[in-house]
1. On a C-alpha basis, how far is the centre of segment 1-37 from the centre of segment 107-164 in Å? Whole number, if you could?
2. Would you compute the Debye intensity of segment 1-148 from its alpha-carbon atoms alone, equal scatterers and no solvent, and pass along log10 I(q)/I(0) at q = 0.15 Å⁻¹ to two decimals?
3. Taking the simple approach of a point 7 Å from Cα along Cα-to-Cβ for both VAL17 and SER154, what is their distance in nm?
4. I need to check one value: relative contact order of the chain, counting alpha carbon pairs closer than 8 Å and at least 6 residues apart, in percent.
5. Please report, ordered by residue number, every helix of the chain (full DSSP H runs) that is 20 Å or longer along its axis going by C-alpha atoms and whose mean Kyte-Doolittle hydropathy reaches -1.0.
6. If you roll a 1.4 Å probe over segment 1-122 with all protein chains in place, what percent of the accessible area is carbon or sulfur?
7. For segment 77-139, what is the relative contact order in percent, using Cα pairs closer than 8 Å and at least 6 residues apart in sequence?
8. Suppose R0 equals 35 Å; then what is the FRET efficiency for LEU78 and SER25 from their Cβ-Cβ distance, rounded to the nearest 0.05?
Amino acid sequence: METRVAALLAGVVTLLVLLNIASRSLGHAIYWVDELAIYCMVWMAFLTSAVLLKRREGVSVTLLTDSCTPAVRRALALFSDLVILVFALVLLWLCLRWYDPVALARSGFDLQAFQAQTFNFIYAENTSTLGLKKFWIWLALPFFAVSLSLHALSNLLECLSARPALAGETA
């Protein structure tokens, strides 16, 4: 699902850039197109990053791991999966602190009261040209954190349940 949405967003970015080029060349620039293209690209980047980490297709230097025994490679893979999971969970925790849904609910979803109590103005800021609340755009980060947490946990469990390599066996 994430891959399809990211592919759709890549197409939207392409169309928005082409629309921007055409409108500017005709002398009637549509200013919100730039901003929308940027936000689509940000969402696309976060979606594809989570998928790449799930598939273990991220950019990596394997010089060290290629020279290791299968058992050491497995231990390094476990360590890598654990680090990614910890990063994702910390990011999720930070996003929860940033959005602070508990305090928002306690304030009765009254944004003025929420801001007065927490000095958190995340829900108040609008985008420059689209007029949307920025917190909708910034939801890419908590979505990424949840997605990455699930993918990292899946990878970690898969790596833990994999049969350990026997001595002399190649991976």
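The values are calculated or read from the model by the stated rules, or taken from the named source; none is laboratory data. If you're wondering where the values come from, they're calculated on a predicted model, not measured in any experiment. We place every Cβ from the backbone using ideal geometry, glycine too, and count neighbours over all the protein chains shown. Only protein heavy atoms, including side chains, enter the accessible area calculation; ligands, DNA and RNA are left aside. Shrake-Rupley method; radii C 1.70, N 1.55, O 1.52, S 1.80 Å.
1. 24
2. -0.94
3. Those two pseudo-labels are separated by 2.9 nm.
4. Dividing the mean separation by the residue count of the chain yields 28 percent.
5. 2-25, 32-55, 70-99, 140-161
6. Within segment 1-122, the accessible surface is 73 percent carbon and sulfur.
7. 17
8. E between LEU78 and SER25, to the nearest 0.05, is 0.05.
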